[in-house]
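Chemist: Have a look at this one before I ask anything.
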Amino acid sequence: MNLFTGTGTLARLALRLDRVRLPVWVLALAAMPAATAAQYMKVYPTDESIEQVASVVTNPSMVAMNGPLFQATIGGLTAWKIGATELVLVALMSMFTVIRHTRAEEESGRLELVGAGVV
């Protein structure tokens, strides 16, 4: 018997159970930076307006919350603003997925069925 016996079957089960949730999370996380950049382009249409914002975000309290702004461009502002938000959302997505694959499986009785097989 191999150490990884049944791993492929379990991976297929996990992907089948999350065939809707995970793509929705991934698409939402991928769309957030694009939407934020589009909004920044509307709000700050000129380079001078971006420079004014760059002077505001050097405030020590803003730097403590989001980190320093490395580049005063639309991309730099987007990365500065989205960085912490994306990390929190990825952590939540991971936490919800792990809980779903552990607690929900235990409650439905599927955990005993999977554990009874060769895994």
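A short reminder: the numbers here are calculations on the coordinates, not readings from a lab. As the structure is a prediction and not an experimental result, all values here were calculated from the model. FYI the Cβ positions are ideal-geometry reconstructions off the backbone, even for glycines, and counts take in every protein chain you see.
Chemist: Alpha carbons only, please: Rg and Dmax for the stretch 27-94, in angstrom.
Modeler: 12.6, 40
Chemist: Okay, moving on. Tell me what the chain gives for mean residue ellipticity at 222 nm when only DSSP H runs of n ≥ 4 count, each as -39,500 (n - 2.57), the sum divided by the residue total, rounded to 500 deg cm²/dmol.
Modeler: -23000 deg cm²/dmol
Chemist: Looking only at 83, 109, 67, which one moves most when the chain is put into a Gaussian network model with springs between Cα atoms under 10 Å?
Modeler: 109
Chemist: Kindly provide log₁₀ I(q)/I(0) values, in the same order as q = 0.12 Å⁻¹, from the Debye equation applied to equal alpha-carbon scatterers of the chain.
Modeler: For the chain, the Cα-only Debye profile gives -0.64.
Chemist: Using a cut-off of 15 Å between beta-carbons, work out the net charge of the residues near residue 22 (Lys and Arg +1, Asp and Glu -1, residue 22 not included).
Modeler: Net local charge, residue 22 excluded: +4.
Chemist: Testing the spin-label approximation: label points 7 Å from Cα along Cα→Cβ at residue 27 and residue 107. State their distance in nm.
Modeler: Placing both labels 7 Å along Cα→Cβ, they lie 2.6 nm apart.
Chemist: Let me know the charge dipole size of the chain about its Cα centre in debye, to the nearest 20, where only the beta-carbon of Lys, Arg (+1) and Asp, Glu (-1) is charged.
Modeler: With Lys and Arg at +1 and Asp and Glu at -1, about 400 debye.
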